[in-house]
Amino acid sequence: MAVLGKIRSRGALLVGIIGLGLFAFIAEEAVRSCDSAKNNERQQIAKVLGEKISFQEFQALVDEYTDVVKMTQNKDNLSEQEINQVRDMVWNTYVQSALISNEAKKLGLTVTDDEVRDILNQGTNPMLLQTPFVNQQTRRFDANALKQFINEYKKVQTTSPQQAEQYRPIYNFWQFVEKTLRQQTLAQKYQTLLASCFLSNPIEAKQSFEEENTEADIQLAAFTYASVPEKDITITDADLKNKYEELKPRFKQYEETRDLKYVSVQVKASSKDRTALNKQINDYATQLTTAEDPAEIIRKANSTVAYLGIPVLKSAFPSDIAQQIDSIAVGATTAVKENTQDNTYNVIKLISKQELPDSVEFQAIQVGGETVDEAHNRADSIMKAITADANQWETLAKKYGQTGEKQWMTTQQYQYATGINAENKAFINALNTMTSGELRNISTPSGNIILKVTDRKNFQTKYVAAVIKTRIAFSDDTQNKAYNKFSQYVSENQTLEGLEKSAKKYGYHVLELQDVRSSQHIIANISGTHEALKWAYEAEVGEVSPLYECGNNDSFLVLVVTKIHKKGYRTLDDAMVKDMVKAEVMNDKKAEILMAKAKGVKTIKAAKDKGAQIVEVPQVTFAAPAFVSIAGTSEPALSGAVAATKVGQFSANAVKGNGGVYLFQVTAKKNRGQKYDQKSYEERMAQRAMQAAGNFMQELYVNADITDNRYMFF
């Protein structure tokens, strides 16, 4: 009871303690909830029409398209720039497809399986011609070849997992093509429906014809704005504010942008570095002159041009190498040359130069066995059988699980490879040198290939060349010195004022960037600056960034955020906006003065007496703005006034234009002599209306309230 009494006597205190405990528990859960929400938000790369897409989902789309690009361009890897292009393409496709799908759903538009089958059977869609299922004889898409491949792929998934894995890239590629075809077809349906809403009529068509073909010659009296000194004009804050409100729609922006100031330094090779590298490249050039296989020398020289050892077109080489290659004798090796454009030392050894086919049609049977000898013996038997009876080709091919069908190979398919193994090299060299109808048994370490060339086309000059193209790189010592100097500059100056004040002392320059967007991939044209861009969109005005190492490991960068332009209307205190508004107000004020000067003028002579410049302007039509050379601008208002004035008449009122105030007299009017075609003009008017509505995608984009957080991820 005593304990109970103590509890009762301290009831208020205990309630407070329990209340604080509950609050702490609730606060902890709230913090956890907020952290969870933030983590989820951090994983969201975008939001379109209220639908969120995570980084993982978007990256899966990027990976899908990356595989497509690699396959179609025959590449193993993509450069940073190419990867960024892929991401942009995926983003644009994703957003546009989402917007179109949303509109199509409202309208009941769909793409059926039957429609897709019709597209495949027609075989004319450009995307289909990029697939492996093109008949090489007709050059058309072959729907039966696709069907056969899909059936075979499904079959080998259970019978031959290894073969299924080889087929998978092509199958995935087809899945991408089919998905894209559906998206394109839906977009085309929507656009066709939208286009059908724009109609023309005979009256509008006739009027358009007359506006385009009735032209007038005028004598123009121009009072240009340039003739009024700006010192005579007074502009008040009220003038600027009123004009800003009038022009405000011009200043709306749909994404946040930022203004930055920055200092960047690119490390360059010192004279000591250049001398050492030049000596090394000269040593490699000497070795290249006598080398039987240049591959190892090219590798040691860190050449950016791979040595394939097979004949390729001139287009396979960098442009500076391609320009020189015809001036080099076969077997000769050039002296070391510096290319200041790409900062490299270059050496070329031309090994061969031949006229060879760019396209070769062939048939092939791959022959394997438990051992290499077994494969060789089997290949010899096949060769004898085909030599005796060429009609056995397909039968023998099917016996070894192949079709043996004819196919084409072009130089484009292999000349940009970064490396080619011995088997492929032997195969390609055989294709290049075999005559049409020739049969050959090619031995390889893993088996044999029975190869028959059936056609050769488009003979061109092909080259085998060993190229040393080595970047003139800086040494570690040079880089360390540059880094230490820049690091000291940044650490000593943690404000924009300090950076600007000390820049000259260090030999640097503070530069400016305006309206940097988060959708950019680089800053100041320097690669590898994603982290700097990400920082810029998380920093506040006045913040100085850390020192960033970027570029090709050869640049240093520091940034300062100077202004943040939020979504919405840019205000009058924005320098760019204020300049535009001030220019408009200035012209308005000058126009008032010039309109007063032109008041009461009834003849060209009177206008000249008042200081107007007189000029002849021929062929003025209503359909196109007249260009006034003495004002240096186009004048739509002048074209409209001329169209409403008869021959011989003087303008009823002065015309306020973009470059001045104008009076004129129409001296002649005539028709260009074109024959009127009502149907043609009605079609043109409908097309013109559709073009005017061509920014419908932009309208959909704006109304979708899209959130783009890609900069947070890459």
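General remarks:
- Normalised contact order of the chain, rounded percent, pairs of Cα under 8 Å and 6 or more residues apart: 23 percent
- Cα centroid separation, the range 481-545 to the range 180-259: 38 Å.
- Chymotrypsin sites (Phe, Trp or Tyr not before Pro) restricted to the range 346-407 and DSSP loop, no more than 16 other C-beta within 10 Å: TYR400
- Paramagnetic reach from MET89 in the range 519-553 [backbone N under 11 Å; point 7 Å along Cα→Cβ]: none
- Shown here for the range 82-158: trypsin sites (Lys or Arg not before Pro) in loop regions (DSSP other than H, G, I, E, B) with at most 16 other Cβ atoms within 10 Å, namely ARG139.
- Annotation: the antiparallel percentage among DSSP beta bridges lying fully within the chain is about 100.
- Lysine pairs in the range 380-531 with Cα atoms under 30 Å, if 8 or more residues apart or on separate chains: 28
- Accessible solvent surface per residue of the chain, calculated while the other protein chains remain in place, 1.4 angstrom probe, Å²: 57 Å²
- You can think of it this way: the chain between GLN460 and ASN553 has 29.5 nm of extra reach, that is 0.36 nm per residue less the Cα-Cα gap.
- Given (i) 36.4; (ii) 57.2; (iii) 40.2, the label whose value is mean projected area of the Cα convex hull in nm² derived from this model: (ii)
- Taken about its Cα centre, the chain carries a charge dipole of about 1280 debye when Lys and Arg each add +1 at the Cβ and Asp and Glu each add -1 at the Cβ.
- Carbon plus sulfur fraction of accessible area for the range 511-569, probe 1.4 Å, in percent: 44 percent
- Rg/Rh ratio calculated on Cα atoms of the range 190-270 (Kirkwood radius): 1.22
- Cβ-based charge dipole, the range 577-675, positive-most Cα from PRO636, GLN665, MET595: GLN665
- By accessible area, using a 1.4 Å probe on protein heavy atoms only, the range 111-252 has 49% of its surface on carbon and sulfur.
- Most positive-pole-ward Cα, GLN188, THR286, LEU260, against dipole of the chain from beta carbon charges: LEU260
- Entry note, the chain: the mean residue ellipticity at 222 nm calculated from DSSP H runs of n ≥ 4, each adding -39500 (n - 2.57), is -15500 deg cm²/dmol after division by the residues and rounding to the nearest 500.
- Backbone N under 18 Å from the ASP232 label point (7 Å along Cα→Cβ), restricted to the range 573-607: 585-601, 607
- Each peptide among 631-640, 667-676 gets the average number of other Cβ atoms lying within 10 Å of its residues, and from highest to lowest they stand as 631-640, 667-676.
- Helical segments meeting 27 Å axial Cα length and Kyte-Doolittle -0.5 threshold in the chain (DSSP H): 11-42, 575-598
- The range 96-121 and the range 441-468: distance between their alpha carbon centers, rounded to Å: 45 Å
- Rg ratio (alpha-carbon, reference 2.2 N^0.38 Å) - the range 339-448: 1.37
- Of interest is the spacing of the C-alpha centroids, which for the range 629-653 and the range 358-421 amounts to 76 Å.
- Along the axis of the charge dipole computed for the range 390-504 (Cβ charges of +1 for Lys and Arg, -1 for Asp and Glu, origin at the Cα centre), the listed residues TYR416, THR433, ILE449 are led at the positive end by THR433.
The values are calculated or read from the model by the stated rules, or taken from the named source; none is laboratory data. Values in this document were obtained by computation on a predicted structure and should not be read as measured data. Heads up, the Cβs are rebuilt from the backbone with ideal geometry, glycines too, and the neighbour counts pull from every protein chain shown. Protein only, heavy atoms only, side chains kept; ligands, DNA and RNA dropped before computing areas. Shrake-Rupley method; radii C 1.70, N 1.55, O 1.52, S 1.80 Å.
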